[in-house]
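All remarks here apply to the structure that follows.
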Amino acid sequence: MIKECQACGQNNLLEAETSSRGGYGPDLLPGTGSFRPARFRVVVCAMCGFVHWFVKEEDLDKVRNSRHFRPVRNQ
Ligand SMILES: [Zn+2]
(Lines give C-alpha, C1' and ligand atoms only; values in the text may rest on other atoms or scores of the structure.)
Protein backbone atom coordinates (compact mmCIF):
# COMPACT_ATOMS: atom_id res chain seq x y z
CA MET A 1 0.00 0.00 0.00
CA ILE A 2 2.38 2.72 1.15
CA LYS A 3 6.07 2.15 0.57
CA GLU A 4 7.63 5.52 1.23
CA CYS A 5 6.90 8.68 3.19
CA GLN A 6 4.82 11.19 1.24
CA ALA A 7 6.73 14.05 2.85
CA CYS A 8 10.40 13.06 2.77
CA GLY A 9 10.51 9.95 0.56
CA GLN A 10 12.26 7.73 3.13
CA ASN A 11 11.04 4.16 3.61
CA ASN A 12 11.58 3.85 7.36
CA LEU A 13 7.91 3.57 8.29
CA LEU A 14 6.24 2.37 11.49
CA GLU A 15 2.64 1.30 11.75
CA ALA A 16 0.06 0.71 14.45
CA GLU A 17 -3.65 0.09 14.71
CA THR A 18 -5.86 2.32 16.79
CA SER A 19 -9.52 2.77 17.50
CA SER A 20 -11.48 5.64 15.97
CA ARG A 21 -13.47 6.04 19.14
CA GLY A 22 -12.89 5.86 22.88
CA GLY A 23 -15.19 5.88 25.87
CA TYR A 24 -14.99 9.65 26.28
CA GLY A 25 -13.13 10.60 23.15
CA PRO A 26 -14.41 11.97 19.88
CA ASP A 27 -16.07 9.73 17.32
CA LEU A 28 -13.67 10.14 14.42
CA LEU A 29 -15.43 7.76 12.03
CA PRO A 30 -19.09 8.41 12.81
CA GLY A 31 -21.72 5.93 11.81
CA THR A 32 -19.36 2.95 11.66
CA GLY A 33 -20.82 1.21 14.68
CA SER A 34 -20.72 1.72 18.42
CA PHE A 35 -19.74 -1.82 19.37
CA ARG A 36 -16.93 -2.24 16.85
CA PRO A 37 -16.33 1.09 15.12
CA ALA A 38 -13.94 1.25 12.17
CA ARG A 39 -10.28 1.30 13.10
CA PHE A 40 -7.35 3.29 11.81
CA ARG A 41 -4.06 2.08 10.48
CA VAL A 42 -1.58 4.79 11.36
CA VAL A 43 1.73 4.86 9.54
CA VAL A 44 4.39 7.19 10.93
CA CYS A 45 7.60 8.07 9.15
CA ALA A 46 10.41 7.31 11.59
CA MET A 47 12.60 9.91 9.87
CA CYS A 48 10.44 13.03 9.75
CA GLY A 49 7.34 12.11 11.79
CA PHE A 50 4.86 12.64 9.00
CA VAL A 51 1.67 10.68 9.71
CA HIS A 52 -0.20 8.76 7.05
CA TRP A 53 -3.69 8.11 8.25
CA PHE A 54 -5.75 5.21 6.84
CA VAL A 55 -8.92 3.42 7.70
CA LYS A 56 -8.11 -0.27 8.05
CA GLU A 57 -8.90 -2.00 4.78
CA GLU A 58 -11.22 -4.52 6.42
CA ASP A 59 -13.19 -1.66 7.99
CA LEU A 60 -13.55 0.46 4.85
CA ASP A 61 -17.02 -0.90 4.11
CA LYS A 62 -18.21 0.46 7.46
CA VAL A 63 -17.20 3.94 6.32
CA ARG A 64 -18.64 3.44 2.82
CA ASN A 65 -21.95 2.40 4.37
CA SER A 66 -22.06 5.15 6.99
CA ARG A 67 -24.75 7.74 6.35
CA HIS A 68 -22.42 10.36 7.87
CA PHE A 69 -20.02 10.14 4.95
CA ARG A 70 -20.83 11.49 1.51
CA PRO A 71 -18.82 12.13 -1.62
CA VAL A 72 -16.64 15.24 -1.61
CA ARG A 73 -17.98 17.88 -3.95
CA ASN A 74 -15.28 19.83 -5.70
CA GLN A 75 -16.24 23.43 -6.34
ZN1 LIG B 1 9.19 11.25 6.26
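The table for this structure:
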read-out: Pairs with Cβ under 6 Å, 6+ apart, first in region 1-17 and in contact (Cβ under 8 Å) with a residue 40 or more places away in the chain and within 16 Å of Trp53 (Cβ to Cβ), second near the ligand (Cβ under 8 Å from one of its atoms) and open to solvent by less than 60 Å² (accessible area, probe 1.4 Å); value: Cys5/Cys45
read-out: Test: Cys48 is out of contact with any Phe, Trp or Tyr (no Cβ under 7 Å at 6 or more places or on another chain) and in a loop (DSSP other than H, G, I, E, B); value: yes
read-out: Single residue of region 27-75 satisfying the filter (hydroxyl-bearing (Ser, Thr, Tyr) and surrounded by 11 or more Cβ atoms within 10 Å (Cβ to Cβ)) that is nearest to the ligand (Cβ to nearest atom); value: Thr32
read-out: Identity of the residue in region 2-26, assigned to a loop (DSSP other than H, G, I, E, B) and away from the ligand (no atom under 16 Å from the Cβ), that ends up nearest to Val63 (Cα to Cα); value: Ser20
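The values are calculated or read from the model by the stated rules, or taken from the named source; none is laboratory data. All values derive from a computational prediction rather than experimental measurement. Cβ: placed from backbone, ideal geometry, glycine included. Neighbour counts: every protein chain shown. Quick note on the areas: whole protein, heavy atoms, side chains included, nothing else; ligands and nucleic acids left out. Shrake-Rupley method; radii C 1.70, N 1.55, O 1.52, S 1.80 Å.
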